[in-house]
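First the structure, in the form of structure tokens, and then the observations on it.
A short reminder: the numbers here are calculations on the coordinates, not readings from a lab. Just so it is clear, the structure is predicted and the values come from calculations on it, not from any experiment. Note that we place each Cβ from the backbone using ideal geometry, even for glycine, and neighbour counts take in every protein chain shown.
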Amino acid sequence: MIELENVAYSYGGGELLSDISLKLAPGSFHFLTGPSGAGKTTLLKLCYGALLPTAGYVRLFDADVRGLDRDDIAAVRRRVGVVHQDVQFLDHLSVSDNVSLPLMVSGRQDDAAGNDLGELLSWVGLTNRADAMPPELSGGERQRAAVARAVIMSPDVVLADEPTGNIDWEMSQRLLRLLIELNKMGKTVLIATHDLSLIRATKAHVQARVLRIANRRIQLAGADL
Amino acid sequence: MKLGGGILQHLRALVAGDRQADRVVPPSGFTAQLTVFVAGAMAFLAVFALALSLAAGRLAERWGDELAQSATIRIVAPLDQRQAQTEAALRILETTAGVATARALTDEEQQALLAPWFGPDLALDTLPVPRLIEVIEEGDGIDPVGLRLRLSAEVPGAVLDDHGRWRAPLVQAADRLRLLGWLSIVLIGAAVAAMVTLAASAALAANAQVIAVLRLVGAQDDYIAQAFIRRFTLRTLAGAAVGTLLGVLAVALLPSASDVGGFLTGLGFQGAHWLLPIVIPLLAAGVAFAATRAAARRTLRGLT
Ligand SMILES: Nc1ncnc2c1ncn2[C@@H]1O[C@H](COP(=O)(O)OP(=O)(O)OP(=O)(O)O)[C@@H](O)[C@H]1O
Ligand SMILES: [Mg+2]
């Protein structure tokens, strides 16, 4: 699905990430941890084509990211649901419209996926906020809306950047169950978080690998979690 | 008209098209009305420029035709010599290069010409009215200088009235006026393009964050551009339609043309030309379509 080969990235100063090789196989479940500023968000951006690697290769669905034109990138983003750390919505549209925005822009509004909207909103506990405008949402509500928007297209891959940063334990468990369900349906999931208890709780339900960024490199975390 | 057809097709697709795409970009208030207003004002001006061009064209053509084809010779002589001199002049004309036919007007024809001034009861045979010879030219026409020289030698009373002498500058002026009219239309079109480009660029810049969100959830550039193109095309179309209508009304309400009024009151449309202004809103919409699309593509290419 997504493959990084000897990838390095730098924002202009020194290298932030070096020699990263990573393969997200279909149906796999990964966590990504590391100290703040280690480059988790940067790595996710490399995975959905928002950034181009300064060295090495990134392959999205078997295509070199450097060879993709703008429409190809748009197509990739329809297959990769992303929960952004600083999630942004269209402030003039309601929460339910924002959640179904990916369907709208890809002309799939009338698909069966559109029918799941109500169910999805109730899963993330936003049913009675469906008609609210995004600026009226709390931080946690925004994150839940972001998760709903990321999965509404039933994407092949879900990349979530701190999806549970602002929400209580119970709700984060709920969101995680949603992601686990998607994973059981064969979707690939990658979650960046530094919430270790969340990782532990998840490992009880699903075979998850934990990747850690340390010293600019990525390593598979051991059984110490 | 292929161009018009293409634009029409685009417009139809736009109107019927994706209202969804329109909704994802927040409505813009005041600047939108400015676009409509400027489009209307420009269309209004374009109607006058068009009327001017067409009127100047008609004038140039009429004058040009007459000029290219005819000249007149007046035989100013005492009554008893008039007939002889007329025949002498006709003989000279027979051997003059560039003359297709030449004939003296009959008394009846001259009477008809003079009737507006002296009434129908004028007795021409008793008055020293000059005899007129109508010369129809062919090819490059006659050489007025050479002809005058020959006439003055053999027919002392002959005066060659070479229409070209005084009409050529008028035709040239009318031609120039027509050119200016068309140039104005082109400039008006360019001004609409510039205005729409500015307005669309401002709208794109104001919505940078909206565009970024749309890109992140997988919208293609064309989808995003569509929302802006639709808006500016429809606005320009609406504004230009109203402006054109008012312009045509204003032209229609001009005092009606008369022969004495000459050029000034001849400003207007004739016959099928009344339908021409319909093209103005369509062209304006086409210009807006192209300008917005170019602006959107430029802006979108700069984003990730
Ligand atoms: N656009 C940018 N330009 C320059 N530097 C940047 C940019 N974005 C991030 N950085 C820097 O790169 C480093 C990694 O940022 P990144 O957002 O990937 O960290 P992170 O691991 O996601 O951190 P956190 O856990 O706090 O979200 C940081 O030091 C940050 O300041
Ligand atoms: Mg981050």
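Relative to the longest principal axis of the Cα atoms of chain B, the long axis of helix B:144-154 lies at roughly 10 degrees.
Per residue of A:57-68, other chain Cβ atoms within 10 Å of the residue Cβ number 0 on average.
Computed from the C-beta positions of A:GLN173 and B:ARG176, the FRET efficiency with R₀ = 56 Å rounds to 0.10. Between B:LEU114, B:LEU246, B:LEU160, the GNM of chain B built on Cα springs shorter than 10 angstrom shows B:LEU114 fluctuating the most.
Mind giving me the FRET efficiency for B:LEU105 and B:ILE278? R0 is 51 Å, r the Cβ-Cβ distance, nearest 0.05 is fine. Here the calculated transfer efficiency is 0.65. Taking other C-beta atoms within 10 angstrom as a stand-in for reagent exposure, A:MET153, A:MET185, A:MET133 fall in the order A:MET185, A:MET133, A:MET153, fewest first. Screening chain A for whole DSSP H helices of 15 Å or more along their axis (Cα) with average Kyte-Doolittle hydropathy at least -0.5 returns A:139-151, A:169-184.
With a simple spin-label model that places each label point 7 Å from the Cα along the Cα-to-Cβ direction, the separation between B:THR31 and B:ALA190 comes to 2.4 nm. Centroid-to-centroid, using Cα positions, segment A:166-213 and segment B:161-210 are 65 Å apart.
Cross-link reach is defined here as a Cα-Cα straight distance under 28 Å, omitting same-chain residues fewer than 8 places apart; for A:LYS203 the lysines meeting it are A:LYS23, A:LYS40, A:LYS45, A:LYS184, A:LYS187.
Computed from the C-beta positions of B:LEU122 and B:ARG148 and an R0 of 41 Å, the FRET efficiency is 0.85 to the nearest 0.05.
Scanning residues 5 or more positions from A:VAL83 or on other chains, those with amide H under 5 Å from its amide H are A:LEU159, A:ALA160, A:ASP161, with H placed 1.01 Å from N in the peptide plane. The GluC sites (Glu not before Pro) of segment B:129-200 meeting both criteria, a DSSP state outside H, G, I, E and B (loop) and at most 14 other C-beta atoms within 10 angstrom of the site's C-beta, are B:GLU138. Charging the Cβ of each Asp and Glu at -1 and of each Lys and Arg at +1, and nothing else, the dipole of segment B:77-156 about its Cα centre rounds to 260 debye. Computed over segment B:77-156, the Cα gyration tensor eigenvalues convert (square root of 5λ each) into semi-axes of 26, 16, 9 Å, ordered from largest to smallest. Kindly express, to the nearest 10 degrees and within the range 0 to 90, the angle between helix B:79-94's C-alpha long axis and the longest C-alpha principal axis of chain B. It is inclined by approximately 60 degrees.
Stretched out straight at 0.36 nm per residue, the stretch from A:ILE180 to A:ARG59 would grow longer than its current Cα-Cα span by 41.1 nm. Ranking B:ALA89, A:HIS30, B:VAL145 by Cα position along the charge dipole of the protein assembly as shown, where only Lys, Arg, Asp and Glu carry charges on their C-beta atoms, puts A:HIS30 farthest toward the positive end. Selection among B:ALA112, B:THR244, B:ALA158 by position relative to the dipole of chain B gives B:THR244 as farthest towards the positive end (Cβ unit charges, Cα centre).
By other beta-carbon atoms within 10 Å, ranking A:LEU60, A:LEU126 with the fewest at the front produces A:LEU126, A:LEU60. The distance linking segment A:124-159 with segment B:97-141 is 94 Å (Cα centroid to Cα centroid, whole angstrom). Ranking B:GLY98, B:ILE136, B:TRP63 by Cα position along the charge dipole of chain B, where only Lys, Arg, Asp and Glu carry charges on their C-beta atoms, puts B:TRP63 farthest toward the positive end.
A Stokes-Einstein calculation at 20 °C with viscosity 1.002 mPa s, built on the Kirkwood radius of chain B over Cα pairs, returns a diffusion coefficient of 89 µm²/s.
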